[in-house]
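Shown next, in structure tokens, is the structure this report addresses.
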Amino acid sequence: MCSLKAQRFVLKCIFNHALSVDEIITKNPVSNVPLPKLEKVKEEYNVFLNAEQANEMLKAFEGHPLQPLVFISLCYGLRRSEVLGLKWKAINFKENTLKIEHTVVKGLTIEKKDRTKSTSSKATYKLTPKAREILESLKAKQEENKKLFGNEYIKSDYVFTWQNGKLFRPDYVTKGFQKVLKKSGFVHMRFHDLRHSCASILHDKGYSLKQIQEWLRHSNIETTGNIYVHILKSRQVIENDNVDEIFSL
């Protein structure tokens with residue numbers, strides 16, 4: 001079957017002939033008919049790691065500058081913009097809390113915003129022992145780097161920076177994340193799948209849909225429910241694969 005573009009071309013030629021040669025019509029009715037826009041089918045590609053797989057992934061980042069950022073993102077289910085937007089003023093070691101209230105996004109330029117995706121995205125978490133350990137270590141390293149670089153140090157309040165204080169770029173986080181996974185032979189996944197994996201692990205640990213909604217700060221439980229359905233589907237695929245390995249001819 002011919003494409004729509006080819007069909008329109010043929011019809012246009014026929015009517016042009018009827019117009020200019022046969023003179024049986026006064027206007028080509030196809031001339032200004034636009035081609036219908038084809039809707040692009042967005043491929044769903046979501047990865048839901050379990051705790052064992054998540055720990056295996058974290059090991060792949062051992063010694064890499066992104067490891068602390070990946071851990072915090074996975075632990076709290078943070079979006080890329082939220083983890084990059086973490087500031088030291090939002091972390092209170094005395095009260096053992098971490099606040100989500102600032103974001104860093106990339107459009108045509110890098111935008112730093114004192115707001116989150118939505119009102120519900122703002123939240124205060126308790127620091128887990130491991131998260132606290134990682135953040136305290138980063139804070140100490142930053143203080144060392146400030147002395148080492150002196151006046152060359154780029155001053156800011158951001159948590160995740162290079163040694164000279166420069167903030168990680170959003171596109172570096174995405175590309176660096178993919179590069180490490182590819183190099184280690186780990187399953188292909190997007191950075192946002194860390195958020196999905198957080199939901200998956202909470203689900204496996206027995207947390208309720210409402211509790212997962214509150215942890216991920218979804219504005220409505222329907223969003224959490226959709227992720228929940230995807231988790232169940234991914235688990236079904238795993239179970240089917242396991243069954244397939246049991247029987248053989």
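Can you tell me how many residues in the range 132-156 are within 21 Å of Ser73 (Cβ to Cβ) and modelled with pLDDT under 95? Summing the residues that are within 21 Å of Ser73 (Cβ to Cβ) and modelled with pLDDT under 95 in the range 132-156 gives 1. When the range 185-200 is filtered for residues that are among the aromatic types (Phe, Trp, Tyr) and more than 9 Å from the chain's Cα centre (by Cα), only Phe186 remains.
Within the range 211-223, residues that are crowded, with 21+ Cβ neighbours inside 10 Å have Cβ atoms under 8 Å from residues that are among the aromatic types (Phe, Trp, Tyr) in these pairs: Ile212/Tyr228, counting only partners at least 6 apart in sequence or on another chain. Within the range 167-177, the set of residues being surrounded by fewer than 15 Cβ atoms within 10 Å (Cβ to Cβ) and modelled with pLDDT of 95 or more comprises just one member, Lys175. Is there a residue in the range 214-222 that is modelled with pLDDT under 85, outside any loop (DSSP other than H, G, I, E, B) and farther than 14 Å from Gln53 by Cβ? Checking the range 214-222: at least one residue is modelled with pLDDT under 85, outside any loop (DSSP other than H, G, I, E, B) and farther than 14 Å from Gln53 by Cβ.
Within the range 149-166, count every residue that is outside any loop (DSSP other than H, G, I, E, B), loosely packed, with under 15 Cβ neighbours inside 10 Å and in contact (Cβ under 8 Å) with a residue 12 or more places away in the chain.
Kept after step one, since they are outside any loop (DSSP other than H, G, I, E, B), are these residues of the range 149-166: 149-152, 158, 161.
The next check asks that each one be loosely packed, with under 15 Cβ neighbours inside 10 Å; those that pass are 149-152.
Narrowing further to those that are in contact (Cβ under 8 Å) with a residue 12 or more places away in the chain: 149, 152.
Count: 2.
Working only within the range 87-123, note down all residues that are over 22 Å from Lys166 (Cα atoms), in contact with a helix residue (DSSP H, G or I) (Cβ under 9 Å, 6 or more places away or on another chain) and modelled with pLDDT of 70 or more. Once the filter is applied, which keeps residues that are over 22 Å from Lys166 (Cα atoms), in contact with a helix residue (DSSP H, G or I) (Cβ under 9 Å, 6 or more places away or on another chain) and modelled with pLDDT of 70 or more, the range 87-123 yields Phe93, Asn96, Thr97, Ala123.
The values are calculated or read from the model by the stated rules, or taken from the named source; none is laboratory data. In this text the structure is predicted, and so the values were computed from the model without any measurement. Here the Cβ is made from the backbone with ideal geometry for all residues, glycine too, and neighbour counts use every protein chain on show.
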